[in-house]
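The values are calculated or read from the model by the stated rules, or taken from the named source; none is laboratory data. The model shown is predicted, which means the values in this text are computed figures rather than measured ones. Neighbour counts run over all protein chains shown; Cβ positions are idealised from the backbone, glycine included. The accessibility values were calculated without ligands, DNA or RNA, using every heavy atom of the protein model including side chains. Shrake-Rupley method; radii C 1.70, N 1.55, O 1.52, S 1.80 Å.
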Amino acid sequence: MLAQSVLEDDVRLVAVRGGLGAVPGIRLAGVHAGIKARKRDLALIAFDEPQVCAAAVTTNEIKAAPVLVSAEHLAASGDAMRALVCNSGCANACTGDRGDRDARATARQAAALLDIAATEVVVASTGVIGVPLPMDRLQRGLERCVAQLENGGKSSHDAAEAIMTTDRVPKLSAYSFYHGGKKHVVGGIAKGSGMIAPNMATMLAFIATDVPMSRAALQTELLACVDESFNMISVDGDMSTNDATYAFAPAGSGVPPPAFGRALRQVCLDLAQAMVADGEGATKTLTMHVTGARDTLQARAVARAVINSNLVKTALFGEDPNWGRMIAAAGAARVGLDPDTWSLLLNGKTWVERGAIEALSEAEAHRELELHEIVVELQLGVGDARATAWGCDLSRDYVRINASYRT
């Protein structure tokens, strides 16, 4: 991991360990508060200095209390946020007035322990919908979190574990780069394994940097990266009531250097792709390239339609070379495909040419689909735009996991 680097326009991004813990000025903790039976279930992120905060939240019309309360806090103190609290095991969604009170109480309790204002705290929750937060356990957990706040990768890993639900592994990413002779870092942690659909938000992601900038600049950068990453993934086509991405940075007067945007994009891509790889019950991943599109909107719409198709997902699980499912899903996006110009490639090999000519035999295509990582390219033949989306298969284990999610 430490040796990995990404070189773009003479700016080298170097992957570093620790996720959020690699960013200077951040302390983290993740503890078991008793919301879940045994695993860590409460994370606290505290910033040494006030931070501007940008957000991209779920477009679900039913939004959980923490999403709504955090929006109020950002409206009041978005240029000077100091902490984020996230619990797993309970979504605090569809919990009425009590849910609103509990989300606000969480922020107040964290603020009192950190000696900051309640509106300077972002709150987030993930887990079962319709269940109230056990506030007595959460408060005791917050006290332990504050006592255990530390810098570095270990605390970041603990926090990443604490926000997991059905995730099998914690998700962390960080990149460093140099600008003006100074080293900077962008890092993040995330959770997401189910209820993942390509329409922001589809998970929880918390990202930070030590690059100063205005809140407006950070918001612009975040939304651009979200469109290329979190909005281009799918596990099951469902969208949660709770999910959001929050990004933090020291306050500054100007826009960040281009290298920051590249690092932020790479962190978002890493976290998004980790969610797909960790999809509930997933056995395969699909990278879907759409090229030769009329414009980016068309390319993205087609790519999302294919990765979001349950028929495509189940065909991947069965290693069934049924390319017709992919083309049907692409056409169902209704964005102006030409039925005579498209071609399909499977792992770099031409599968179908010019909308009708099958170039790979069924046996050859089946062998390609036996791989764990599948790459498909759909060439639309109507322009020069392109987009990429990421998905996974839909297996029997997905049904098993979600058939007994509460029980």
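Tell me which residues, restricted to the stretch 44-97, are touching a Leu at 6+ places or on another chain (Cβ under 7 Å), among the hydrophobic types (A, V, I, L, M, F, W, C) and within 26 Å of VAL131 (Cβ to Cβ).
LEU44, ILE45, ALA55, ALA56, ALA83, VAL85, CYS86, CYS90
What is the residue count in the stretch 289-301 for residues that are under 20 Å from the mean Cα position of the chain (by Cα) and of a type in the set (A, V, I, L, M, F, W, C)?
1
Cβ contacts < 9 Å: first residue within 29 Å of GLN273 (Cα to Cα), restricted to the stretch 352-373; second residue assigned to a strand (DSSP E or B) and basic (Lys, Arg), any location; separation 6+ or different chain. Result?
Listed pairs, sorted by first residue: LEU360/LYS349; GLU364/LYS349; ALA365/LYS349; GLU368/LYS349.
Would it be correct to say that ARG334 is closer than 16 Å to VAL235 by Cα and open to solvent by 60 Å² or more (accessible area, probe 1.4 Å)? Give the derivation first.
Values: closer than 16 Å to VAL235 by Cα: no; open to solvent by 60 Å² or more (accessible area, probe 1.4 Å): yes.
So ARG334 fails the test.
Listed here are the residues, each with its yes/no results for (1) in contact with a Pro (Cβ under 8 Å, 6 or more places away or on another chain); (2) open to solvent by 60 Å² or more (accessible area, probe 1.4 Å); (3) within 30 Å of VAL128 (Cβ to Cβ).
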{"site": "GLU358", "(1), (2), (3)": "no, yes, no"}
{"site": "SER361", "(1), (2), (3)": "no, no, no"}
{"site": "LEU378", "(1), (2), (3)": "no, no, no"}
{"site": "ALA389", "(1), (2), (3)": "yes, no, yes"}
{"site": "TYR398", "(1), (2), (3)": "no, no, yes"}
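Hey, among ASP115, ASP97, ASP136, ASP102, which residue is at positive phi and among the charged types (D, E, K, R)?
Details: ASP97 fails: at positive phi; ASP136 fails: at positive phi; ASP102 fails: at positive phi.
Sole residue among the options that is at positive phi and among the charged types (D, E, K, R): ASP115.
Any idea which of (1) surrounded by fewer than 24 Cβ atoms within 10 Å (Cβ to Cβ); (2) at pLDDT below 95 is the one SER234 doesn't satisfy?
The number of the failed condition is (1).
If I go through the stretch 136-164 residue by residue, how many of them are in a helix (DSSP H, G or I), surrounded by fewer than 22 Cβ atoms within 10 Å (Cβ to Cβ) and in contact with a helix residue (DSSP H, G or I) (Cβ under 6 Å, 6 or more places away or on another chain)?
Qualifying residue count, the stretch 136-164: 3.
Confirm whether ALA205 is open to solvent by less than 10 Å² (accessible area, probe 1.4 Å), touching an Asp or Glu at 6+ places or on another chain (Cβ under 9 Å) and modelled with pLDDT under 95. Before the answer, list the steps.
Working: open to solvent by less than 10 Å² (accessible area, probe 1.4 Å): yes; touching an Asp or Glu at 6+ places or on another chain (Cβ under 9 Å): yes; modelled with pLDDT under 95: no.
It is false that ALA205 is open to solvent by less than 10 Å² (accessible area, probe 1.4 Å), touching an Asp or Glu at 6+ places or on another chain (Cβ under 9 Å) and modelled with pLDDT under 95.
Looking only at the stretch 23-63, how many residues end up being in contact with a strand residue (DSSP E or B) (Cβ under 6 Å, 6 or more places away or on another chain), assigned to a loop (DSSP other than H, G, I, E, B) and either farther than 26 Å from ASP167 by Cα or open to solvent by less than 70 Å² (accessible area, probe 1.4 Å) (or both)?
5
Please enumerate the residues belonging to the stretch 124-134 that are within 28 Å of ASP48 (Cβ to Cβ) and surrounded by fewer than 18 Cβ atoms within 10 Å (Cβ to Cβ).
none
Among the numbered conditions (1) at positive phi; (2) buried (at least 23 other Cβ atoms within 10 Å of the Cβ), tell me where CYS86 comes up short.
(1)
Regarding ARG400, is this residue within 26 Å of the chain's Cα centre (by Cα) and of a type in the set (D, E, K, R)?
Values: within 26 Å of the chain's Cα centre (by Cα): yes; of a type in the set (D, E, K, R): yes.
It is true that ARG400 is within 26 Å of the chain's Cα centre (by Cα) and of a type in the set (D, E, K, R).
Among the candidates GLN266, GLN298, which residue alone is modelled with pLDDT of 95 or more and either touching a Phe, Trp or Tyr at 6+ places or on another chain (Cβ under 8 Å) or under 13 Å from ALA205 (Cα atoms) (or both)? Give the derivation first.
Numbers: GLN298 fails: either touching a Phe, Trp or Tyr at 6+ places or on another chain (Cβ under 8 Å) or under 13 Å from ALA205 (Cα atoms) (or both).
The unique qualifying residue is GLN266.
Going residue by residue through the stretch 165-175, is there one that turns out to be open to solvent by less than 10 Å² (accessible area, probe 1.4 Å), modelled with pLDDT of 95 or more and among the aliphatic types (A, V, I, L, M)?
Yes, the stretch 165-175 contains at least one residue that is open to solvent by less than 10 Å² (accessible area, probe 1.4 Å), modelled with pLDDT of 95 or more and among the aliphatic types (A, V, I, L, M).
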